[in-house]
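The values are calculated or read from the model by the stated rules, or taken from the named source; none is laboratory data. Quick caveat: nothing in here was measured; it's all calculated off a predicted structure. Cβ coordinates were reconstructed from backbone atoms using ideal geometry, including for glycine residues, and neighbour counts include every protein chain displayed. For accessibility, only protein heavy atoms count, side chains too; no ligands or nucleic acids. Shrake-Rupley method; radii C 1.70, N 1.55, O 1.52, S 1.80 Å.
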Amino acid sequence: MRVLVVEDEHPLADAIARGLRREGMAVDVAYDGDSGHEKSSVTRYDVVVLDRDLPGMSGDVLCGEIVGSGATTRVLMLTASGTLADKVDGLSRGADDYLAKPFDFPELVARLRALGRRATPAAPPLLVAGDVALDPARRTVLRSEQPVELTRKEFGVLEVLISAGGSVVSSEELLERVWDENADPFTTTVRVTVMTLRKKLGEPGVIETVVGAGYRVPAAG
C-alpha cells in the first residue's frame with residue numbers, strides 16, 4: 001500500500017512514516033500543503049494522511065483537490081482539532097476518515113488498512129494463485145500449505161502480482177506500489193526482489209516474466 005503523510009510537525013511525520021514502513025507500507029512524506037499537493041498530483045497513493053493545519057495550501061483545500069481529481073485515493077485527516085464539529089466539518093469536505101491527535105498508532109494502522117481496501121478493487125481475504133496462498137491481513141504466505149518467509153518488499157511484490165488477477169504488472173508499477181519516492185527509478189531492485197522471491201517460492205515457478213512488459217502470476221483456475 002502506498003501512503004502519503006502530509007504533516008508539518010517533522011518529528012511526528014517522520015515517526016509515522018517509520019512506523020508505517022515497519023508495517024510493510026511504502027510511505028512518502030510532505031511537510032507542507034504545497035509539496036503534498038505536488039506529490040499527490042504525480043503519484044497514485046492509496047491513502048493520504050493529512051493534517052488540516054498546514055503551511056502553504058491548507059489541509060482542507062488539499063483534501064478538496066484530491067477528492068475533486070477523481071482519484072481513488074482515500075483521505076484520513078489527522079489533526080489536533082478533535083471536537084465533533086471539527087470531525088463533521090472535515091468529513092463534509094470529502095475526507096474518508098478522521099483521527100484526532102494524540103492517537104494510538106495501532107488504530108492509525110487499522111484505519112489505513114481499511115481505507116486502503118476501499119481505495120482498490122475489493123480483494124478476497126485470501127489471495128490464491130495455484131498452490132500459493134497469501135493472507136494480506138496476517139502477512140503470511142503458504143506454498144502447498146507450507147509457510148514461506150518473505151521480506152516486506154517480497155511480500156508486497158507478490159501481493160500486487162496476485163491481486164492483478166493474471167494481468168501483467170510492469171517494473172515501474174511495482175516500484176511505485178511497493179517502494180517509496182526514495183527508490184531510484186533506474187535501480188535493479190525490482191528485478192533482484194523478484195529473483196529472490198522466485199527462489200523462496202520454489203518450483204514449479206509462480207512468477208512469469210513477460211519480456212518488455214513486466215511480470216505476471218497466472219490467475220487461479
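Tabulated results
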{"quantity": "Of all residues in segment 66-94 being closer than 13 Å to Leu4 by Cβ and either small (Gly, Ala, Ser) or in a helix (DSSP H, G or I) (or both), the one that is least open to solvent (accessible area, probe 1.4 Å)", "calculated": "Ile66"}
{"quantity": "Segment 7-46 - residue that is surrounded by 22 or more Cβ atoms within 10 Å (Cβ to Cβ) and among the acidic types (Asp, Glu) and, of those, nearest to Arg111 (Cα to Cα)", "calculated": "Asp46"}
{"quantity": "Hits in segment 95-125 - residues which are modelled with pLDDT of 85 or more and assigned to a loop (DSSP other than H, G, I, E, B)", "calculated": "Ala95, Asp96, Lys101, Pro102, Phe103, Asp104"}
{"quantity": "Residue list for segment 178-221, restricted to those being loosely packed, with under 11 Cβ neighbours inside 10 Å and of a type in the set (Asp, Glu)", "calculated": "Asp184, Glu203"}
{"quantity": "Selection from segment 129-161 of residues that are crowded, with 18+ Cβ neighbours inside 10 Å and over 13 Å from Val194 (Cα atoms)", "calculated": "Ala129, Val132, Ala133, Leu134, Pro136, Val141, Val148"}
